[in-house]
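The values are calculated or read from the model by the stated rules, or taken from the named source; none is laboratory data. Quantities reported herein were computed from a predicted structural model and do not represent experimental measurements. No Cβ is skipped: glycine too gets one built from the backbone with ideal geometry, and neighbour counts run over all protein chains shown. All accessible areas refer to the heavy atoms of the entire protein, side chains included, with ligands and DNA or RNA removed. Shrake-Rupley method; radii C 1.70, N 1.55, O 1.52, S 1.80 Å.
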Amino acid sequence: MFTRVNAVEWAIPVLYLRSPDGRIFDVERAEGKEANREQVEQLHKEALQFIREGKPGRARETLETILSLDPDHQEALALLERAREEARLEDLYATATARLETGDLGPALNRLRELLSMKGDYRDVQELVSAIEQQTETDEQPERDAAAPTL
């Protein structure tokens, strides 16, 4: 290390880099993470608002976007499961009410009973089930009377 030409050459520091371009710090990536964090926070607020407004489909989409940006976002994971469940309930309710409108009481009743088993106090499901059951019994009564033997 020591040469007679330059007596202090042995004390020159040498830096060995593994980076091919010589960049030690990635400033852009750090700025990108901060922007990403702000975007995730904004999306989280939007998802909560969608849940409060009763729009589980929109909440689900927003939460999935959050998780694509931050896969470890624990609150988004929990809310996503809740939003998916609410979306399932909403789809079942829409299917049941559409069947009611077309007069398909059997399939409508099946969907409504499925809803009751999932969430007993969902919207007006209990009242709809009771009304359909009463209507079905009323419709079947004349058939039973006609089939009964006469004396």
Once phi is turned into ³J(HN,Hα) by the Karplus curve 6.51 cos²θ - 1.76 cosθ + 1.60 with θ = phi - 60°, what whole-Hz value does each residue of the range 61-68 show in order, with x for glycine and proline? 4, 5, 5, 5, 5, 4, 5, 6
Go through the range 119-131 residue by residue and turn each phi into a ³J(HN,Hα) via Karplus (6.51, -1.76, 1.60, θ = phi - 60°); whole Hz please, and just put x for glycine and proline. 8, x, 10, 6, 6, 10, 4, 4, 5, 5, 4, 4, 5
Expected output is a single nm value to one decimal: the length gained when fully extending between residue 126 and residue 34, i.e. 0.36 nm times separation in residues minus the C-alpha distance. What is it? 28.3 nm
Send over a whole-number figure in Å² for the accessible area per residue of the range 73-123, probe 1.4 Å. 59 Å²
Sulfur and carbon atoms: percent of accessible area, the range 44-125 [1.4 Å]: 46 percent
Counting only the heavy atoms of the protein chains, how much of residue 45 is accessible to a 1.4 Å probe, in Å² to the nearest 10? 130 Å²
R0 = 35 Å: FRET efficiency of residue 16 with residue 75, Cβ-based, nearest 0.05? 0.20
